[in-house]
Amino acid sequence: MNFFWRSNLAILALVLVVLAAGDLYSWRAVGRQAQQAGFEELAALARLVRSHPSDLDDSTALHHWAAEIATIGAQAALVRSDGQILADSVPASNVSVRDPEIQQALSNGEGRSIRHSNTLDRDVLYYAVSYSPTPSPSSPASLGTSRALVLRLALPLAEVDQQFSAMRRPVWTAFLILFASAIAISLLDLRSTSRRIRSLKEFGARMVLGDFRPVHAAPAGDSLDELARALNETAARLNASISMLTDERNRSSAILGSMIEGVAVISGDERIIFSNRAFSRILGLDDVRDIEGHPLLEVTRQSDLLAAIKMALNGQEQVSSEIVVGTVRPRSFAVTAAPVQASAHKGAVLVLHEITDLRRLERVRQDFVANVSHEFRTPLTAIQGFAETLLAGALEDPGNRRRFVEIIREHATRLARLTEDLLKLSRIEAGQLKLEFRPVSVTELIESCVETAQLKAVPRRLALHVRLPNELPTVRGDANSLQEVLQNLLDNALQYTPAGGKIEVSAVCSDGRVVVTVADTGIGIPQVEQERIFERFYRVDAARSREAGGTGLGLSIARHIVAAHGGRLWVESAVGEGSRFHFSIPVTP
Ligand code: ADP
């Protein structure tokens, strides 16, 4: 049952109750009034007729008298106090001296009662009055037998009912007309009201689904208008807040999604509430969908990470730790966990930050220090040893002292070379290498270096050749540095090529660069070590290199110099067949 019918039925019931109460009340009032009027009518009639008849012994006259009264409309009976009925307008009526109105009349002079008459089948008003008979001049004999007489008149109430029905009909009709028009009016009003309520209801349902368009209704100037206005305002505000929150969320998720750092939010019961792509990628969970909602323990077994989260969840601020993931190519990550308190929930934020490069650099630095110490120790030990030998008496030994001093000088030279190379390297790495770029003739560069190298090649029985095209453009470079590079490559070729081998220096120009190649038929370099020889102190055969006075820094310095010229230094080699070192330098613009 909808609101419309409920309210209408309530009105109907209310009106019916009021009507019925009014009806009952007026029926009672009208009834009482009719009784009153009836009794008064009967009393007046009684006063009028009580002196007649005068002759109580003439029963014919008495009955005649009674019948005459009855023509007015009231039944009349005359009863003597000893119970004898002297006259009655209705012969079969069982009037008796014991009737209440007669009893009342005998004791008080007047009596009234309303009883249902079975004969007439309706309520009847009874009125009795007692009086002493006046002695009849025609029959003095009856004097002695004079007793109190009671005149009883009866009036059926039929007319009262009819009267009332006649009065009630227009009242009810008026009420019904009123009620019908009220219903019709409220029907019209409620129809439109319920239509508006329905549209508000639909609006509510739309809002639940996220549709915040305002509700449109013709204003009727009532409280529903205010409700609609308030709802529209609420919807507009909700819409604004939701779109603001959505924007904010999109922005944060875009930021978090594009971050290199892995970020995750962990709940108090150690479940993942949120994680970004980087987090999954770092923990190798790229193929696992939807890790959100899962316990962290299910996702990773990194005990340091789990411990950090536990500490943060226990309220410890900024817990830092480190983990290594991956076995083939291990990567190091700094773990930072911090507690967060979002409303009633407590949790922790986890950030994974890659520090693989940092760790590698640290290792390189440590290795470098170890290498440098190692390189310095050998010559220093030798110098110290031979100096002590000389002091211990060898100075007096003319056969050996000169040789010992020469060894000391050799090691000192080596130390000097090492120091010089290290200084150069550190200057280059610190970006302090001063290069003066000028147009440099590659032909001249090669020829001057080969001239020096030739002097070393001859005693080693090595053939040194140069092969150059007729025309070579100049390159943009620092002549001294480029000479150092080429010299180093030539020294290595001479060093690592056995006697009888061949060394060839050539140059070609292509793509705006001149590529210089130093090729030898020497011992070659194993494939796996070809990239590593450019690292500091890296040597394929350390003993051999050291014996030849190498520091293991030459190629490293050369590569830096070439790179500073905007060129490249690389090697092709096969063990036992020889090596080809190339470097490219851009030509002068
Ligand atoms: P070094 O002072 O030891 O020569 P470099 O940096 O010049 O230091 O060279 C590094 C290592 O590369 C050498 O120790 C050697 O093992 C290898 N190497 C360099 N040039 C050649 C070459 N032409 N043939 C074979 N091995 C070479």
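Over the chain, DSSP H runs of length four or greater, each weighted -39,500 (n - 2.57), average out per residue to a 222 nm ellipticity of -17000 deg cm²/dmol. Taking the longest Cα principal axis of the chain as reference, the axis of helix 3-49 is set at about 10 degrees. The modelled label-to-label distance for the pair Thr381/His294, using points 7 Å beyond Cα in the direction of Cβ, is 5.5 nm. Exposure check, 1.4 Å probe, all protein chains in place: Thr413 carries approximately 70 Å² of accessible surface.
Multiplying the residue separation of Ser243 and Asp222 by 0.36 nm and removing their Cα-Cα distance gives an extension gain of 4.3 nm. Take Lys456: with every protein chain present and a 1.4 Å probe, its accessible area is about 80 Å². Here the spin labels are modelled as points 7 Å beyond Cα on the Cα-Cβ line, and at Ile72 and Ala463 they lie 17.9 nm apart. As a calculated quantity, the FRET efficiency between Lys310 and Val575 at R0 = 51 Å, using C-beta atoms, amounts to about 0.40. Each label was represented as a point 7 Å from its Cα along the Cα-to-Cβ direction; for Ala166 and Ala184 these points are 3.1 nm apart. With a 1.4 Å probe rolled over the protein heavy atoms of all chains, the accessible area of Met244, Met167 falls in the order Met244, Met167, largest first. When Phe404, Phe583 are compared by accessible area of protein heavy atoms, the largest-first order is Phe404, Phe583, using a 1.4 Å probe. Placing unit charges on the Cβ atoms of the charged side chains and taking the dipole of the chain about its Cα centre, the candidate lying farthest along the positive direction among Val516, Ala394, Gln75 is Ala394. The residues of segment 438-586 present an accessible area of 48 Å² per residue when probed at 1.4 Å with all protein chains retained.
Fraction of C-alpha pairs exceeding 22 angstrom in segment 259-354: 20 percent, rounded to a whole number. Estimated at the nearest 10 Å², the accessible area of Val369 is 80 Å² with a 1.4 Å probe. Could you compute the FRET efficiency for Glu270 and Leu358, with r as their C-beta to C-beta distance and R0 at 35 Å, rounded to 0.05? For Glu270 and Leu358, the calculated efficiency is 0.75. Ala348 sits among other residues whose Cβ lies under 12 Å from its own Cβ, and their net charge, with Lys and Arg +1 and Asp and Glu -1, is 0.
Within the same chain, lysines fewer than 8 places from Lys456 are excluded, and of the rest, those with a Cα less than 27 Å from its Cα are Lys424, Lys502. Stretching Ser303 away from Val17 to a fully extended chain increases their span by 94.8 nm, per 0.36 nm per residue minus the current alpha-carbon distance. In terms of the mean number of neighbouring beta-carbon atoms within 10 Å, the peptides 34-40, 489-495 order highest first as 489-495, 34-40. Taking a point 7 Å out from the Cα of Ala430 in the direction of its Cβ, the residues of segment 349-373 whose backbone N falls within less than 20 Å of it are 362, 364-373.
Once backbone amide H atoms are built at 1.01 Å from N, Asp123 has Ser117, Leu157 as its partners under 5 Å, excluding neighbours fewer than 5 places away on the same chain. Per-residue accessible area (protein heavy atoms, 1.4 Å probe) orders Leu433, Leu188, Leu86, Leu238 as Leu188, Leu238, Leu433, Leu86, starting from the largest. Relative to the longest principal axis of the Cα atoms of the chain, the long axis of helix 479-495 lies at roughly 70 degrees.
Of the beta bridges in the chain, as assigned by DSSP with both residues counted there, near 95 percent are antiparallel. If a spin label sat at a point 7 angstrom from the Cα of Ala174 along the line to its beta carbon, the backbone N atoms of segment 16-36 nearer than 14 Å would be those of 19, 22-23, 26.
Taking the Cα centre as origin and putting +1 on Lys and Arg beta-carbons and -1 on Asp and Glu beta-carbons, what dipole magnitude results for the chain, to the nearest 20 debye? In total the dipole reaches around 1080 debye. Here the chain exposes an accessible surface that is 56 percent carbon and sulfur, computed with a 1.4 Å probe and the other protein chains kept in place.
The values are calculated or read from the model by the stated rules, or taken from the named source; none is laboratory data. No experiment lies behind these values; they were computed from the predicted model shown. Positions of Cβ are generated from backbone atoms using ideal geometry, with glycine treated the same way; all protein chains shown enter the neighbour counts. Areas reflect the complete protein model, heavy atoms only, side chains present, ligands, DNA and RNA absent. Shrake-Rupley method; radii C 1.70, N 1.55, O 1.52, S 1.80 Å.
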